[in-house]
Amino acid sequence: MADDPDDVFSRAHHHALAFRRGLDDGPQRPTADYRVMLDRFAQALPDAGQPGPAVIDDLMARIRPGLAAMVGRRFFGWVMGASHPVGVAADWMVSAFGQNAGNHVASPASAAAEAVTAGWLLDLLSLPREASVGFVTGATVANFVCLAAARKAVLRTADWDVEADGLFGAPPITVLIGADAHATVFSALQFLGLGSNRVLRLPTDAQGRIRPADFAERAKAISGPSIVILQAGQISTGAFDPFAELIPAAKAAGAWVHVDGAFGLWARAAPNYAALTHGIEGADSWATDGHKWLQTPYDLGFAIVRDAEAHRRAMTIAASYLPAVAESERDPSHYVPELSRRARGLPAYAMIRHLGRKGIADMVERHCRLAARLADRLRQEEGIAIVNDVVLNQVAVRFGAGLADETADELTRRTIAALQAGGVAFAGGAQWRGRWIMRLSVISFPTTEADIDRAADAIIAAWRPIRDAA
Ligand SMILES: *Cc1c(COP(=O)(O)O)cnc(C)c1O
């Protein structure tokens with residue numbers, strides 16, 4: 001069946017616009033749950049094909065109720081960017097051009113755009129210009145890639161070639177990590193054979209930061225190959241580890257320092273917030289996301305490694321039909337686990353080109369100011385407490401402050417449900433220090449002050465009847 005591409009592309013274009021235009025006044029969360037969506041998609045495997053435009057229309061007709069307003073202006077759930085139209089358009093071109101962007105010979109344009117974007121990124125984030133950047137699917141894989149490079153490098157100092165000889169019989173690696181690190185960092189350790197349980201978890205303060213005194217105590221025990229994992233932007237509080245104190249101490253003990261900065265690393269691009277990351281440039285590797293604060297569509301993350309050689313050796317795929325690594329120009333596949341891959345650099349290139357250094361700084365600063373405004377509005381209402389120091393864009397809210405813990409847990413969960421049902425704004429629940437909070441992340445490019453005020457009103461309106469009935 002040969003459809004005119006125009007017919008299928010234009011259907012997709014039409015539906016994409018209709019979806020985006022309906023967001024502001026539509027529900028923020030899906031109106032159909034997973035079971036309902038399974039029913040909507042369920043049908044026997046088709047024997048005969050269907051024309052392309054009909055397939056696209058049918059997809060849209062089925063899918064809509066199961067979509068969330070993640071790209072909307074009052075969606076504060078998890079930590080999610082809003083897939084900016086410029087990034088989406090570039091991403092459509094990535095798919096339309098269908099480049100296998102693994103190496104620079106097969107698709108020179110994809111590789112060149114990525115190489116230039118890597119340099120821009122290091123400049124924007126003020127990281128060492130000699131660092132290498134792998135364009136991966138998100139911070140989870142970025143953590144994995146960075147820690148693979150770390151594993152390579154620290155074992156090499158013990159004369160162990162982990163890529164060739166594996167971990168059986170290798171010298172043990174000591175891993176120190178804060179107790180409030182993101183769950184995906186523990187998965188990265190699990191993938192790498194470092195174990196998510198055999199690490200030393202350092203206690204943290206009320207905001208989730210490692211205390212320098214605790215670290216100094218543990219660091220005395222470091223000997224041999226070791227990795228220290230720090231965090232820029234704790235998922236619930238937005239807090240930053242005290243890099244300027246921790247990193248020199250970790251380096252003095254001979255450790256590789258990795259920083260998970262999935263969203264928090266972007267504070268570095270904003271002059272008024274960059275101080276939160278002071279000293280972070282002394283680390284050895286950094287993981288961050290494109291699909292959070294840079295607003296690219298899913299999925300995009302960056303694995304940044306100071307020792308480009310360790311990065312490359314940890315990820316290299318060698319085959320007779322691929323260019324030899326040592327002499328080659330930069331191949332995107334040298335820095336990521338995949339060989340065949342989409343041209344992930346293009347949406348990042350487009351977003352940086354579109355916003356510019358100033359636009360990115362302004363956006364990050366605006367989101368942080370709006371988060372502070374939201375917290376100020378909420379804390380004035382009786383029974384609402386802000387649990388975190390709002391240093392960045394994350395706001396952790398507790399309802400029923402002053403009541404028994406279990407009661408406040410219950411009231412918090414009910415307020416979250418009422419807010420979500422109301423449909424004006426979306427925020428999810430999370431646990432912090434074993435207690436329920438409503439967690440809001442201000443990180444979507446279209447969000448304005450008016451949206452924040454509407455969201456604050458909606459949260460307060462959800463809370464009042466629950467409070468008054470309690
Ligand atoms: C989101 C996040 C991750 C995981 O990133 P993905 O893009 O979902 O893979 C890791 N660490 C932190 C701090 C995050 O916020």
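Of all residues in segment 242-268, those satisfying the criterion of being more than 16 Å from the ligand (Cβ to nearest atom) and assigned to a helix (DSSP H, G or I) are Ala244, Glu245, Leu246, Ile247, Pro248, Ala249, Ala250, Lys251, Ala252.
A Cβ distance below 6 Å, combined with a sequence gap of six or more or placement on separate chains, defines the contacts here; from segment 310-335, residues that are at negative phi and polar (S, T, N, Q) reach residues that are surrounded by fewer than 15 Cβ atoms within 10 Å (Cβ to Cβ) and modelled with pLDDT of 65 or more in the pairs Ser333/Leu339. Are any of the residues in segment 26-34 buried (at least 16 other Cβ atoms within 10 Å of the Cβ) and among the charged types (D, E, K, R)? Within segment 26-34, one or more residues are buried (at least 16 other Cβ atoms within 10 Å of the Cβ) and among the charged types (D, E, K, R). Within the bounds of segment 421-439, is there any residue that is in contact with a Cys (Cβ under 6 Å, 6 or more places away or on another chain) and crowded, with 16+ Cβ neighbours inside 10 Å? Checked against the condition, which is being in contact with a Cys (Cβ under 6 Å, 6 or more places away or on another chain) and crowded, with 16+ Cβ neighbours inside 10 Å, segment 421-439 yields no hits at all. Looking only at residues that are among the hydrophobic types (A, V, I, L, M, F, W, C) and part of a loop (DSSP other than H, G, I, E, B) in segment 77-114, which one is surrounded by the most Cβ atoms within 10 Å (Cβ to Cβ)? Among those that are among the hydrophobic types (A, V, I, L, M, F, W, C) and part of a loop (DSSP other than H, G, I, E, B), it is Ala101. Here is the figure for segment 200-241: residues that are within 16 Å of the ligand (Cβ to nearest atom) and in a loop (DSSP other than H, G, I, E, B) total 11.
One residue stands out in segment 443-464 among those that are within 13 Å of Ile384 (Cα to Cα) and of a type outside the set (D, E, K, R): the one that is surrounded by the fewest Cβ atoms within 10 Å (Cβ to Cβ), namely Ala461. Count of segment 157-190 residues, restricted to those that are surrounded by fewer than 16 Cβ atoms within 10 Å (Cβ to Cβ), part of a helix (DSSP H, G or I) and away from the ligand (no atom under 16 Å from the Cβ), is 3.
Taking every residue in segment 401-421 that is farther than 20 Å from Ala456 by Cβ and pairing it with any residue that is crowded, with 17+ Cβ neighbours inside 10 Å, at least 6 positions away or on another chain, the pairs with Cβ-Cβ distances below 7 Å are Thr407/Gly400; Asp409/Trp436.
The values are calculated or read from the model by the stated rules, or taken from the named source; none is laboratory data. Since we're looking at a predicted model, the values are computed, not measured. Positions of Cβ are backbone-derived with ideal geometry, glycine not excepted, and every protein chain shown enters the neighbour counts.
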